[in-house]
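*Asks:* I have a structure here, written as structure tokens, and I will follow up with some questions on it.
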Amino acid sequence: MRWTLKEALRNCRVALRKYLTRRDKWIKDHPGQVCITASQIQWTQDVSKALVTSKEKADKRALKVMKKKQIAMLNKFSEAIRGNLTKIQRLKIVALVTIEVHARDIIEKLMKTGTLDVTAFEWLSQLRLYWDKDIDDCVVKQTNTQFQYGYEYLGNSGRLVITPLTDRCYITLTTALHLHRGGSPKGPAGTGKTETVKDLGKSLGMYVIVVNCSEGLDYKSMGRMFSGLAQTGAWGCFDEFNRINIEVLSVVAQQILSILSALAAGSQRFVFEGREIDLVWSCGIFITMNPGYAGRTELPDNLKSMFRPIAMVTPDSNLIAEIILFGEGFGNTKGLAKKVFTLYSLAEQQLSKQDHYDFGLRALVSVLRYAGRKKRTNPNMPDEEILLLSMKDMNNAKLTSVDAPLFNGIMSDLFPGIDMPVIDYSKLKDTIEAEFKSRGLQINPVSVLKVIQLYETKSSRHAVMIVGATQSAKTVTWRVLQSTLTSLSKAGDPNFTNVKDYPLNPKALSLGELYGEFDLNTNEWTDGILSSVMRQTCADEKPDEKWIVFDSPVDTLWIESMNSVMDDNKILTLINGERIGMPDQVSLLFEVEDLSVASPATVSRSGMVYNDYIDLGWQPYVDSWLNSKKEKPLVEELKRLFEKYLVKLLDFKKHNCNELIPIAEMNGVTSLCKLFDSLATVENGVDKSDAENYVRMIELWFQFCLIWSVCCSVDEDGRKKIDNYVREMEGTFPNKDTIYEYYVDPKSKTWVHWEEKLKSGWKYAPGIPFFKLVVPTVDTVRYQFLVSNLVRSFSPVMLVGPVGTGKTSVAESTITKLDSKVYSFLTVNMSAQTTSNNVQDIIESRVEKRTKGVYVPIGGKKLLTFMDDFNMPAKDTFGSQPPLELIRLWLDYGFWYDRLKQSVKFIKDMFLLVSMGPPGGGRMVISRRLQSRFNLVNMTFPQESQIKRIFGSMINQKLQDFEEEIKPIGDVMTQATIEMYNAVVARFLPTPTKIHYLFNLRDISKVFQGLLRAHKDYHDTKQAMTRLWIHECFRVFSDRLADDHDTESFVTIMTEKLGTLFDQTYHNVCPNKQPPIFGDYISANQIYEDIQDIGALKKHMVNMLEDYNSMTGVVHMDLVLFRDAIEHVSKIVRVIRQPRGNMLLIGIGGSGRQSLSRLAASICDYTTFQIEVSKHYRRNEFKDDIKRLYFQAGVENKPTVFLFSDTQVVEEGFLEDINNVLSSGEVPNLYKPEEFEEVRNALSDIAKKEGIDDTTQSIFAFLIDRVRANLHVILCMSPVGEPFRNRIRMYPAFVNCTTIDWFSEWPADALLEVADRYLLETSLGSDEEDKMKPNLAKIFCIMHKSVSEFSRQMLLEMRRHNYVTPTNYLELVSGYKRLLSDKKKELGDACNKLKNGLSKIDDTREKVEKMSIDLEDAKIKVSQFQKQCEEYLVVIVQQKREADEQQKSVAQKSERIKEEEGKCQHMADLAQTDLNEALPALEEAIRALESLNKKDMTEIKSYGRPPALVEKVMEAVMILRGNDLPGLKLNDSLVMVILSNNS
């Protein structure tokens, strides 16, 4: 390809020389890329000649001639542009003109500066192209750098307008390449950082690969890219480089360094990442950065040093506008450019500051390009009109209703006297209106205009954002445009094509699920949903338009990775190196509420259409809704009612009322319409056949629906205000109570109080568990009425209200009243840790596949999903809640994506019912767009009369069997409890250190739960019942109080209530101001009695502890049961004895929470279950333990205490599961189908006996019921530090579904008792010393208390915590015992050592005396032996002398023998010499003998007489043998004998 391009350039140059004056013809015959290159070579040559000539002649005439030629050429091109050109020809000429205009400006600059020398810097600093004849190649020069042209085929692409800023950037980048460095353009969005790098690459014939960097890039992905760049010699431009994590950048620095070092060394191969690869000299690495954004990292210094920085500040927009206008064929470009630039500057300064406004360079360029297209479609229209029209089309769409007049005023000032031209969109407009009609919508001029504006914006930008508040018709706008374009296409209009949409919500997914990610363990690539959708749509070559619709909040977390798709590159770069190019038929559409968390880079890349709710309001919706009604009288009456009530009420509410959860105006109106549809039925009295009451009933039901839609979101004070206001407008309401207390009775055709619906004389069944008691009240009846009607009409309902107002119970009671054969139910408890994956998995576990991509509830039922604590999921960095975004995606489009297969999953026949508390304390403000999908019902705090009714009816029914004097106390206790609750809520407010001071109506119910345990035989006096009430109030309210000051305040409140309501004093009822202890573990019948004998109680507890310790398989507990510990055990037993009783024990480590819980469980005969955390214990192991726990509690039916401590929280997910166990008993996706089958088989027989259907869902519900009945969770948490506060906020069930017990410091008597117990078996030495033990215990107590006191002082003075725990005290006492024992041992060992030493000395003395006697005896024996020795010595001397003489004679003999031996040796030597001489002869004789054979024998025998010599030999032989010689006769035998003997 490169050789082809080089040949094409050579031909193009030759052709250019021929057609210098007819370039418009020349350019049509050659490719655009080589035309620009050849033209630049020619221009460089011409300017160089002109400069040489000017220098020789010392004038500028040659340059002036050159300029005239250049202008003439540009004018020809301008005419050509205005002519009729093909798309490719236009692209070629515009690109060439852009470069040639810059060439003209350079000539002007050279003339102005008086440059007449080819070596002047003004000329050398320009990017110059030469044809070097020596190497027969094109070279590019700038300053002192020189590069060979790359000949990379780049296609017929456009060129960048070159400004002085671009020139400076070019100089820095070429110098950086020359010095084997990288280049780093930095600056704000829209300043041309990436485009400048790309354009320099085009000038040098290099391929520039743009990579959009993101947080997901790791060093391996970067390494693969760098390796590719090095081996191909291409350039890499890494956009937004500082988005990469700092850890990755430190490795990337080494990778880049190895490439740059190899380039500097001139290597052709080098080692990269442990592998030797080729290196092409032309490769370059460039990075662009935007330093001021959120989520950007500072580059490490070693990385900074490798890149030459370039500050890309504001480019010369005026110049850019002028050149683009020239390139698009406009005349008077200078004047028009000035106007465009001024308009955009003024717009930026004078219009309001909106997040979606951008009047920067990208917006300016796109409006000019759009003007060029308009000019070509309207060739007869004047330039100014075209520009005016383009600016209106491109900007009016994004302006708010306030800014539009101001912007139009600026335009009319800049273009005075020019009327705004009108484009004929009649055909499009007619089709749009037809589409509105077919959808049953109003043809509103604003709505139609917005559709047309979206069409125009989409025509000019491939990424468009529809911005606007919720319910401002954003979805309708793009849906209508889509169907309009499709309709026109089907009608045969060639200017329009079919449109397919591909919606997704990126915020419902993680970044990895959106774009794809590598598995860190296996390095395996998993595709993302967006990348899959993009690949699928971009690969489809059909001409149909494809809109990828992003219906979600836009924030920098995910949108930044789309930057390269949204700008002119139109390429999605994935972290695995894949690059998905986006063709023209694919475009991006964003539907967002606002762009408050989007970056300017994103805003500048997108076209904007702003839908302002003010332009539409609620009237079009109401009109469309009324049009759907067929009865004319109904429509007429409803119109009158809307006019009469709605406008005034909405205005009154807006200015005078506060809302617990604010709702959008339109949301209230849509809720009104939905509620009216569900209630205004024939069954409810709206019957047109009943003409007399028809209009009356319509008005009554309208008023009712208005109250419970628009007016039901306000708080208690707001309800009073609205009540007064509505009564002023409409006087038909009864005077008693507020308008909220009435409903429409179809029979009497009038308002009836809700109390009429309540059955009088309600009683509860005595055997029913407390948690199942639901006392019907006005609140429960009306909210159930509303919810059930909305649910039946399949309208999503949102219940809001403070904690404890009965939202969950209303939802559950509504659900239970629905037909279980038609509906199946699912409860999803949300918490701060809930993820979108959790929600999707939970719902998918209850649906089954019907057809491809379509899922329906199991069993063909309708699935009603109740989502509790809907606003609990934590927000991400930019304020989105992914689980709720997933729900919104489903509500709007009916599907979500399979995260593994990236396919669409439609979930049919599911309906939503949600509840949530007001924001605060871990609860979030949810998206207004999601909230608007629901009918909101605000469940305000019940009136005091309702609370009295609920609890008074319970306690009075309980006291019916009691003594007469006790019966009246029921109402007193009810009143006292309510007042107590109000006082406690007002006095004890939650703070960061007392985050668990959260009280709600559940606490009142817990008091009465305890009161209902009273027994008529034991609580037979007013005093006894009063003590029980005091005890329950202490347990519910006081047990969670964290310090003595708060406890004293509580006692003060208690004393006050006792005085005002019971005519008692706290001191009289509770002597010594000790709160009473009640328990059901003393008597055999488990009667809840007042235990006043502490001694007997302690003895009983000690016995129970001994029983516990005697059990097999338990860890022995050595506990000191002082009063405080006994009280805690009683508190725990009190709660876990109750059905679904759970506890939260708060105390610092070592305060005895777990030990006392085990004892309490043992007292109740419950099994204690606790997890064992190991090194590899994670979520899966925890779920396995939960399964074992559920099997134990639910299948084996064993009452079980699940004891869980915060020290066992390996993952926060554990607490998410425990939150679910506490709130609903159900852990989502706990069982796989095959695992649950085992549970089902184990429960099937029991379920049959209970009359439970043998279906998976029924058995599962049965299991959960049994688990909740048998399982009691005891959470042990430490109040120290941030985690406790966060967990209480994030997991609402920890407070709402438990009873809290605060383990405070041990009191002094407890410390003394523990010390006494520890010292009991320890002897201090003597009896006298043992009497010191009590004083010793006091010292321990004083020491511990003083340290606690000083720790408090240190906290006040130095703000530093020092925690003094019971464990410290136990260590002090046990440390003393250990030290005492050690010292006793040490001194005892020293004493024993001394005794042993003394006894050894005595033994030694005795032995020494004995040894001295033995020594005397030994001395006598020694003298005797000495004498004997002397005698022996004389004998020895004599014998020695004799021996010496013998030695001398032997020596003489030996000398003589030596002489003889010498002589013998001499003789032997002589003999040997003779022998040696004879031996050769002997050997020769033997050889001769051996050579004899039979022939020789025969010869000898044949001699008559042997020869003399033979005879001589034979004689010698005979002599040697010793035979006689005479008569020798030689024969065979003789010869043989001789021979054999010799051998």
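*Asks:* Considering only region 982-1004, state which residues are over 39 Å from the mean Cα position of the chain (by Cα) and among the small types (Gly, Ala, Ser).
*Replies:* Ala983
*Asks:* Among the residues in region 1135-1145, are any part of a loop (DSSP other than H, G, I, E, B) and more than 30 Å from Arg1002 (Cβ to Cβ)?
*Replies:* Let us first name the residues in region 1135-1145 that are part of a loop (DSSP other than H, G, I, E, B), namely 1137-1142.
When the remaining residues are screened for being more than 30 Å from Arg1002 (Cβ to Cβ), the result is none.
Within region 1135-1145, none of the residues are part of a loop (DSSP other than H, G, I, E, B) and more than 30 Å from Arg1002 (Cβ to Cβ).
*Asks:* Return the total of residues in region 167-190 being closer than 21 Å to Ile99 by Cβ and open to solvent by 10 Å² or more (accessible area, probe 1.4 Å).
*Replies:* So the answer is 5.
*Asks:* Now a separate question. Among the candidates Phe878, Phe941, Phe870, which residue alone is part of a loop (DSSP other than H, G, I, E, B), more than 26 Å from the chain's Cα centre (by Cα), under 30 Å from Pro992 (Cα atoms) and not polar (S, T, N, Q)?
*Replies:* Numbers: Phe878 fails: more than 26 Å from the chain's Cα centre (by Cα); Phe870 fails: more than 26 Å from the chain's Cα centre (by Cα).
Criteria check complete, one pass: Phe941.
*Asks:* Quick check on Lys1448: is it at pLDDT 90 or above, open to solvent by 100 Å² or more (accessible area, probe 1.4 Å), more than 60 Å from the chain's Cα centre (by Cα) and of a type in the set (Lys, Arg)? Break it down into steps so the answer makes sense when it comes.
*Replies:* Values: at pLDDT 90 or above: no; open to solvent by 100 Å² or more (accessible area, probe 1.4 Å): yes; more than 60 Å from the chain's Cα centre (by Cα): yes; of a type in the set (Lys, Arg): yes.
No, not satisfied.
*Asks:* May I pose another question? For Val467, indicate whether it is touching a residue at least 60 places away in the same chain (Cβ under 8 Å) and either more than 28 Å from Pro600 (Cβ to Cβ) or open to solvent by 60 Å² or more (accessible area, probe 1.4 Å) (or both).
*Replies:* Working: touching a residue at least 60 places away in the same chain (Cβ under 8 Å): yes; either more than 28 Å from Pro600 (Cβ to Cβ) or open to solvent by 60 Å² or more (accessible area, probe 1.4 Å) (or both): no.
In short, no.
*Asks:* Look through Gly512, Gly528 and report the one residue that is within 17 Å of the chain's Cα centre (by Cα) and crowded, with 19+ Cβ neighbours inside 10 Å.
*Replies:* Details: Gly512 fails: crowded, with 19+ Cβ neighbours inside 10 Å.
Being within 17 Å of the chain's Cα centre (by Cα) and crowded, with 19+ Cβ neighbours inside 10 Å holds for just one of Gly512, Gly528, which is Gly528.
*Asks:* Filter region 817-839 down to the residues that are part of a helix (DSSP H, G or I) and open to solvent by 10 Å² or more (accessible area, probe 1.4 Å), then identify the one that is modelled with the lowest pLDDT. Step through it out loud before you land on a result.
*Replies:* Initial filter on region 817-839 (part of a helix (DSSP H, G or I)): 817, 836-839.
Retained after the next criterion (residues that are open to solvent by 10 Å² or more (accessible area, probe 1.4 Å)): 817, 837-838.
On the way: Lys817: 85, Asn837: 90, Asn838: 88.
For region 817-839, the residue satisfying everything is Lys817.
*Asks:* Name the one entry in Lys1395, Lys1384, Lys1419 that is part of a helix (DSSP H, G or I), over 30 Å from Ser1304 (Cβ atoms) and open to solvent by less than 100 Å² (accessible area, probe 1.4 Å). Please lay out each step first, then the result.
*Replies:* Values: Lys1395 fails: open to solvent by less than 100 Å² (accessible area, probe 1.4 Å); Lys1419 fails: open to solvent by less than 100 Å² (accessible area, probe 1.4 Å).
Just a single option satisfies the conditions, and that option is Lys1384.
*Asks:* If you take the residues of region 128-157 that are touching a Leu at 6+ places or on another chain (Cβ under 7 Å) and assigned to a loop (DSSP other than H, G, I, E, B), which of them is most open to solvent (accessible area, probe 1.4 Å)?
*Replies:* Tyr153
*Asks:* Another question about this same structure. Take residues that are aliphatic (A, V, I, L, M), modelled with pLDDT of 90 or more and over 30 Å from Lys198 (Cα atoms) and tell me which of the helices (runs of 4 or more DSSP H) falling wholly in region 455-572 contain 3 or more.
*Replies:* Numbers: elements: 474-490, 511-515, 529-539, 556-559, 563-566.
Fully inside region 455-572 and qualifying: 474-490.
*Asks:* Right, another one. So Asp615 ticks every box in (1) closer than 23 Å to Asp892 by Cβ; (2) outside any strand (DSSP E or B); (3) open to solvent by less than 10 Å² (accessible area, probe 1.4 Å); (4) not aliphatic (A, V, I, L, M) but one. Which box is left unticked?
*Replies:* Just one mismatch for Asp615, condition (3).
*Asks:* In region 1295-1309, which residues are of a type outside the set (Asp, Glu) and modelled with pLDDT under 85?
*Replies:* First pass over region 1295-1309, keeping only residues of a type outside the set (Asp, Glu): 1295-1300, 1302-1304, 1306-1308.
Ser1304, Trp1306, Pro1307, Ala1308, listed by residue number.
*Asks:* If we keep just the residues of region 377-407 that are part of a helix (DSSP H, G or I) and without any contact (Cβ under 8 Å) to a residue 12 or more places away in the chain, which is least open to solvent (accessible area, probe 1.4 Å)? Even if it seems obvious, please write down each step before you answer.
*Replies:* First pass over region 377-407, keeping only residues part of a helix (DSSP H, G or I): 377, 383-396, 403-407.
From what is left, the residues that are without any contact (Cβ under 8 Å) to a residue 12 or more places away in the chain are 377, 404-405.
On the way: Thr377: 101, Ala404: 27, Pro405: 86 Å².
Out of the qualifying residues, it is Ala404.
*Asks:* Please tell me if Phe911 is aromatic (Phe, Trp, Tyr) and in a strand (DSSP E or B).
*Replies:* On the way: aromatic (Phe, Trp, Tyr): yes; in a strand (DSSP E or B): yes.
Spelling it out, Phe911 is indeed aromatic (Phe, Trp, Tyr) and in a strand (DSSP E or B).
*Asks:* So which of Thr808, Thr814 ends up being open to solvent by less than 10 Å² (accessible area, probe 1.4 Å) and in a helix (DSSP H, G or I)? Please lay out each step first, then the result.
*Replies:* On the way: Thr808 fails: open to solvent by less than 10 Å² (accessible area, probe 1.4 Å).
Matching residue, one of Thr808, Thr814: Thr814.
*Asks:* Another question, if that's okay. Confirm whether Ser78 is buried (at least 16 other Cβ atoms within 10 Å of the Cβ) and in contact with a helix residue (DSSP H, G or I) (Cβ under 6 Å, 6 or more places away or on another chain).
*Replies:* no
*Asks:* Still on this model: With the condition kept exactly as written, say whether any residue in region 1333-1355 is aromatic (Phe, Trp, Tyr) and part of a helix (DSSP H, G or I). Steps first, answer last, please.
*Replies:* Here is the first cut: in region 1333-1355, the residues aromatic (Phe, Trp, Tyr) are 1340, 1350.
Narrowing the set further to residues that are part of a helix (DSSP H, G or I) leaves 1340, 1350.
Checking region 1333-1355: at least one residue is aromatic (Phe, Trp, Tyr) and part of a helix (DSSP H, G or I).
*Asks:* Further question on the same structure: What do you reckon, is Val65 at negative phi, in a helix (DSSP H, G or I) and open to solvent by 30 Å² or more (accessible area, probe 1.4 Å)? Full working, then the answer.
*Replies:* On the way: at negative phi: yes; in a helix (DSSP H, G or I): yes; open to solvent by 30 Å² or more (accessible area, probe 1.4 Å): yes.
Yes.
*Asks:* Between Gln45, Gln33, which is touching a residue at least 60 places away in the same chain (Cβ under 8 Å), closer than 24 Å to Asp132 by Cβ and open to solvent by 30 Å² or more (accessible area, probe 1.4 Å)?
*Replies:* Being touching a residue at least 60 places away in the same chain (Cβ under 8 Å), closer than 24 Å to Asp132 by Cβ and open to solvent by 30 Å² or more (accessible area, probe 1.4 Å) holds for just one of Gln45, Gln33, which is Gln45.
*Asks:* Right, another one. Quick one: would you say Ala976 is surrounded by 20 or more Cβ atoms within 10 Å (Cβ to Cβ), farther than 19 Å from Leu1061 by Cα and touching a Leu at 6+ places or on another chain (Cβ under 9 Å)?
*Replies:* Details: surrounded by 20 or more Cβ atoms within 10 Å (Cβ to Cβ): yes; farther than 19 Å from Leu1061 by Cα: no; touching a Leu at 6+ places or on another chain (Cβ under 9 Å): yes.
Answer is no for this residue.
*Asks:* Shifting gears a bit: Checking Asp24 against (1) in contact (Cβ under 8 Å) with a residue 40 or more places away in the chain; (2) among the charged types (D, E, K, R); (3) within 20 Å of Asp136 (Cβ to Cβ), which single condition isn't satisfied?
*Replies:* It is condition (3) that Asp24 fails.
*Asks:* Oh, and also: Of all the residues that make up region 1071-1097, how many are out of contact with any Asp or Glu (no Cβ under 7 Å at 6 or more places or on another chain) and open to solvent by 70 Å² or more (accessible area, probe 1.4 Å)?
*Replies:* 8
The values are calculated or read from the model by the stated rules, or taken from the named source; none is laboratory data. Please read all numbers here as calculations on a predicted model, not as lab measurements. Note: ideal-geometry Cβ built from the backbone for every residue, glycine included; neighbour counts use all protein chains shown. To get the accessible areas, we keep the full protein, side chains included, count just its heavy atoms, and leave off ligands, DNA and RNA. Shrake-Rupley method; radii C 1.70, N 1.55, O 1.52, S 1.80 Å.
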